[in-house]
1. Would you be able to tell me the number of residues in the range 298-349 that are surrounded by fewer than 23 Cβ atoms within 10 Å (Cβ to Cβ), closer than 22 Å to G17 by Cβ and out of contact with any strand residue (DSSP E or B) (no Cβ under 7 Å at 6 or more places or on another chain)?
2. In this structure, is L62 part of a strand (DSSP E or B), in contact with a helix residue (DSSP H, G or I) (Cβ under 9 Å, 6 or more places away or on another chain) and of a type in the set (A, V, I, L, M)?
3. So which residues in the range 120-135 are surrounded by 21 or more Cβ atoms within 10 Å (Cβ to Cβ) and basic (K, R)?
4. Output the residues belonging to the range 10-33 that are surrounded by fewer than 18 Cβ atoms within 10 Å (Cβ to Cβ) and modelled with pLDDT of 95 or more.
5. Looking only at helices (runs of 4 or more DSSP H) that fall completely inside the range 286-369, which ones have 2 or more residues that are modelled with pLDDT of 95 or more, more than 16 Å from the ligand (Cβ to nearest atom) and closer than 20 Å to A122 by Cα?
6. Suppose we filter A102, A106, A141, A70 for residues that are touching a Cys at 6+ places or on another chain (Cβ under 7 Å) and closer than 24 Å to D196 by Cα; which single one remains?
7. Hey, could you check the range 212-254 for residues that are among the charged types (D, E, K, R) and crowded, with 24+ Cβ neighbours inside 10 Å and say which is nearest to the ligand (Cβ to nearest atom)?
8. Restricting the search to the range 41-100, which residues are surrounded by 12 or more Cβ atoms within 10 Å (Cβ to Cβ), among the charged types (D, E, K, R) and modelled with pLDDT under 95?
Amino acid sequence: MSGSLLVDNIGELVTNGPGTRPLGIRRDAAVLVEEGRVAWVGPSATAPAADRRLDVGGAAVLPGFVDSHAHLVFAGDRAAEFAARMAGEPYTGGGIRTTVGATRAATDDELRATVRRLRGEALRQGTTTMEIKSGYGLTVADEARSLRIAAEVTEDTTFLGAHVVPAEYADRPDDYVGLVCGPMLAAAAPHAKWIDVFCERGAFDVDHSRAILACGQAVGLGVRVHANQLGPGPGVQLGVELGAASVDHCTYLSDADVDALASSLVDCMCHEGPHSTTVATLLPGAEFSTRSPYPDARRLLDAGVTVALATDCNPGSSYTSSMAFCVALAVREMRMTPAEAVWAATAGGARALRRDDIGVLVPGARADLMILDAPSYLHLAYRPGVPLIRQVIRNGVPL
Ligand SMILES: [Zn+2]
């Protein structure tokens, strides 16, 4: 569809732009979309003419969700493991190897069908940008094909060859790190924008993690880290040391971890003022699905750290694609205000992906937005579990 589109009669518009922080809310507003971009934002009463007009009837309109952490390339199902956990078994991360076996055995088309199904499911729930990781192949060929398939549906692809040491390397992790940094990275890098590592006891220690991330940086990949999920550890500070765009999970933080994140503050010329270079991305779906303590978002926010929310969508520890669910959890369980949680799920996710073209509705931004069946963004947390996303517009195209 070509031509301009005026999204009009918006009761409450979340721009994440200038104005009341953090959401930059406008009332009785309109958004003009041209060629996939936001061309104009202002009062309905003074809206310019357009080829088409979409009257949203006073509904709330927000930037589309930015889900900056998801593992969609896999095969198989771990519902039985979830049931066992709910019956009292602890989560150790060991189940990742179950998915690795199923993923290696799957055909390209089977993997592609799962990625497209989950990407579509997320899109219908308002997620207009989604980062997708590899990490269930763990061979040169399987990691490369995972990223190739992910790249068909997103520009934010992440090489996670260092998800877990696969069974065949269990007694020689040094050799596996050599494989990841050598032939696996070489095969993955053409299809990846980011590199990630699961820096955790039972996965990769700090020296291996540093080596892997440095190899990725050397070939131009941006850094992200799975850090401090299952217990205290060095992952967060390693991420800050390497200038990671994001450290993800952050469930167990020491004062030194929070200080490190806060010390990554930079003065930015953008409208948000100072924010941390390394974002703390919180993934409450994982704590929900593993019945674990939630991270303390309030502590990070009070220290001035930039916080993002993401789903961690994966078959083992967080099989949800719903950003609205994560917003509700963050408000109820992590001491975030609804405004902070909605910002973290939109503009925060964009920061975690180092992108300034999404997560905001200001002139020049990508026209990615969602129209709620509700008068206010507050309903995303106030009405948990309810399908409130009436319509999604991506790249200026109503879906
Ligand atoms: Zn993850």
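The values are calculated or read from the model by the stated rules, or taken from the named source; none is laboratory data. Just so it is clear, the model here is predicted, and its values are computed rather than measured. Counting neighbours? That spans all protein chains shown, and the Cβs are built from the backbone with ideal geometry, glycine included.
1. So the count comes out to 4.
2. So L62 fits the description; yes.
3. Within the range 120-135, just K133 meets the criteria.
4. Selection gives R27, D28.
5. Correct list: 323-333, 338-345, 347-352.
6. Of A102, A106, A141, A70, the one residue that is touching a Cys at 6+ places or on another chain (Cβ under 7 Å) and closer than 24 Å to D196 by Cα is A70.
7. D248
8. D77, R78, E81, R85, R97
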